[in-house]
Amino acid sequence: MHATPLCAAGRSMTTVERRTRARSCLLAGALGDAWGGPYEGLAGPVQPVFREAPRLSDDTWLTLATCEAIVLSRGRVQPERIAERFRHWFETGRISGVGSATLKALRDLAAGAHWALAGARGEFASGSGAAMRAAPLSFFLDPSVEADRRTIRQAK
């Protein structure tokens, strides 16, 4: 791990503080995904009415797969391991709510494509999934370190 996260007081965070912040960050993202999903793409302002049970989209499932890859790699962020987890979760039916760009990338991975080449290309080929999956990376990578910036770009 390159990053040494600091708390608001400017001191290094304890392991417990770091775990608490990571869990809180992931939970907040999942809740926003589940509750905001039905309103995605609607012109605002919207009046939220929760008539159905909230559902997670591929953004949350792939974020969790990213977390699993990091855990299995003992805290290292390895884009190839993340892609392997995406493929595994897709093939075992653990991912739902996928859009067309994500579906293409997952199908490419399942067909054996290299992780860096899987998925759609072009200006309109991707949504906000990479931003959604950035949360777990932020607890393990330091964007002020060139090697970590490269890993962040590769893990998108």
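The values are calculated or read from the model by the stated rules, or taken from the named source; none is laboratory data. Just so it is clear, the model here is predicted, and its values are computed rather than measured. Positions of Cβ are generated from backbone atoms using ideal geometry, with glycine treated the same way; all protein chains shown enter the neighbour counts.
No other residue among 107, 85, 76 is among the charged types (D, E, K, R) and either closer than 22 Å to residue 28 by Cα or buried (at least 18 other Cβ atoms within 10 Å of the Cβ) (or both) apart from 85. Taking residues in the stretch 91-110 that are closer than 17 Å to residue 33 by Cβ, and partners anywhere that are among the acidic types (Asp, Glu), the pairs with Cβ atoms closer than 6 Å and at least 6 places apart or on different chains are 95/58; 97/58; 98/58; 102/58.
Just to be sure before I move on: is residue 118 modelled with pLDDT under 95, in contact with a Gly (Cβ under 6 Å, 6 or more places away or on another chain), crowded, with 19+ Cβ neighbours inside 10 Å and more than 25 Å from residue 20 (Cβ to Cβ) in the structure I sent? For residue 118, the condition - modelled with pLDDT under 95, in contact with a Gly (Cβ under 6 Å, 6 or more places away or on another chain), crowded, with 19+ Cβ neighbours inside 10 Å and more than 25 Å from residue 20 (Cβ to Cβ) - is not met.
Is it fair to say residue 147 is at pLDDT below 85 and assigned to a helix (DSSP H, G or I)? Considered against the rule, which asks whether it is at pLDDT below 85 and assigned to a helix (DSSP H, G or I), residue 147 comes out as no.
Kindly evaluate residue 47 against the criterion of being under 24 Å from residue 28 (Cα atoms) and among the polar types (S, T, N, Q). Against the criterion (under 24 Å from residue 28 (Cα atoms) and among the polar types (S, T, N, Q)), residue 47 qualifies.
For the stretch 35-61, filtered to residues that are part of a loop (DSSP other than H, G, I, E, B) and touching a Gly at 6+ places or on another chain (Cβ under 9 Å), the residue that is surrounded by the fewest Cβ atoms within 10 Å (Cβ to Cβ) is 48.
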